[in-house]
Amino acid sequence: MSHEHEVGSESCRELFSRLSEYVDGELDPEICAGIENHMEGCAPCEAFVESLRRTIELTQRLPAHELPDEMIRDLVEAYNKARATRDFNKPDLP
């Protein structure tokens, strides 16, 4: 089944907003069916989903490495600093 829409349309942006949940199998079957229907007529979205799936597959094959203690401390410090200076109740601006 194919349908007409402009690439990058609202339906494409909606698909992208749910993509991680879709690929991880976390969405209701009805929502998945809607995404799959969209992709049947949208080659760029279908290619993007397949690219994401392949990227996930490849990264899962990489060996795990321990982070140095200094790097962990730096990351925690940066996170805490960012959290202290950001109001999480306000949406991010584009």
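Give 27, 19 a once-over and let me know the one that is at pLDDT below 90 and surrounded by 11 or more Cβ atoms within 10 Å (Cβ to Cβ).
Just one listed residue meets the conditions, 19.
Going by the structure shown, is residue 11 modelled with pLDDT under 90, surrounded by 13 or more Cβ atoms within 10 Å (Cβ to Cβ), out of contact with any Leu (no Cβ under 7 Å at 6 or more places or on another chain) and not aliphatic (A, V, I, L, M)?
yes
Taking residue 40 as the residue in question, decide whether it is at pLDDT 90 or above, surrounded by 12 or more Cβ atoms within 10 Å (Cβ to Cβ) and closer than 24 Å to residue 14 by Cα. Give the steps one after another, and end with the answer.
On the way: at pLDDT 90 or above: no; surrounded by 12 or more Cβ atoms within 10 Å (Cβ to Cβ): yes; closer than 24 Å to residue 14 by Cα: yes.
No: the conditions fail for residue 40.
In the range 68-94, what count of residues is obtained for those that are modelled with pLDDT under 90 and exposed (fewer than 10 other Cβ atoms within 10 Å of the Cβ)?
Matching residues across the range 68-94 total 12.
The values are calculated or read from the model by the stated rules, or taken from the named source; none is laboratory data. Computed from a prediction, not measured in an experiment: that's the story for all the values here. A quick note on method: Cβ atoms are made from the backbone with ideal geometry, for glycine too, and the neighbour counts reach across all protein chains shown.
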